[in-house]
Amino acid sequence: KLSISGTAATISEPQTAMGRGVNLLSWSLQGSTEYPIVLIQQNSGQVGDTITAKATTNPGVGDLFFGNTTVTVDSSSSDGNGNFDITFKIPEKPTGMHLIKYKKSEVPYTIGSKITNILPNSDVTVGQVVTVEGKGYPANSRIEVKFDSTVVATVISNSSGTFSAGFPLPVVAGSTSHQVTAVATISRETAPAMTFPTTGNKVTGKVTSIQPVIGTTKTPVALSGNGFKSYQTVTIQFD
């Protein structure tokens, strides 16, 4: 009687073939030439993540697939036991389960959504267009971008589940932080919120109006502005 059991909480089930040794009572489970993938270190992630796999043979150009997309092997090295440790990146694909394929090996891998960037990577002012980018969302789906709880942009993702949406920065204080989220309206697929401003940008204050625009010496002038830090003194200079 032969029984095989086990769980794969954090890694994939080994892709194995059964081989019989010289001793008729000796059996082993191992990768094979036709089913070369022995192990995938994790079975879920996001677009752009690096996957580490173990295989019995070294993949050649065009041998390794993620879904129907050929992927490039970033590194490959012998593990000293006759196998190869290989790494490659997850290509742009929509959310859900995809197959990592190498010859006859097929290992399921699940992609989740993520917000990848908030641009520009520089100082921004109220009213300036801010662009949110995301990957791993449902393909060809309506995506709502929210700034805190307010919907600020709606866009349709492409066939790979990637989107880019721009919106004018709402009136906010330069000292506050806000949460940017993106939600697929039908499937409700979402990703962890990204905090704005990011490490690459910040909100800076600007003068929005001067009244009056013409006058004489000692004419009272009123200035309006936004994007400045809350409850802090603003110094005004003339020339």
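Where a number appears in this text, it was derived from the coordinates with a stated rule and is not lab data. Here the structure is a predicted model, which is why all the values come from computation and not from measurement. In this analysis, Cβ positions are derived from the backbone assuming ideal geometry, glycine residues included, and neighbour counts consider all displayed protein chains.
Some points to look at:
- Computed on the chain, with alpha-carbon pairs under 8 angstrom and 6+ residues apart, the relative contact order is 13 percent.
- Once C-alpha pairs closer than 8 Å and six or more residues apart are averaged by separation and normalised to the residue number of segment 198-239, the relative contact order reads 41 percent.
- Label-to-label distance, nm, for residues given as Ser187 and Val213 (7 Å Cα→Cβ offset): 5.1 nm
- Here the average projected area of the convex hull drawn through the C-alpha atoms of the chain stands at 20.5 nm².
- FRET efficiency, Thr204 to Thr50 (Cβ-Cβ, R0 30 Å, nearest 0.05): 0.25
- Relative contact order of segment 114-196: 32 percent, from C-alpha pairs under 8 Å at least 6 residues apart in sequence.
- Highest mean packing first, where packing is the average number of other Cβ atoms within 10 Å per residue, the peptides 230-236, 68-74 line up as 68-74, 230-236.
- Under the combined filter of DSSP loop state and at most 12 neighbouring Cβ atoms within 10 Å, segment 186-239 retains these trypsin sites (Lys or Arg not before Pro): Arg188, Lys218.
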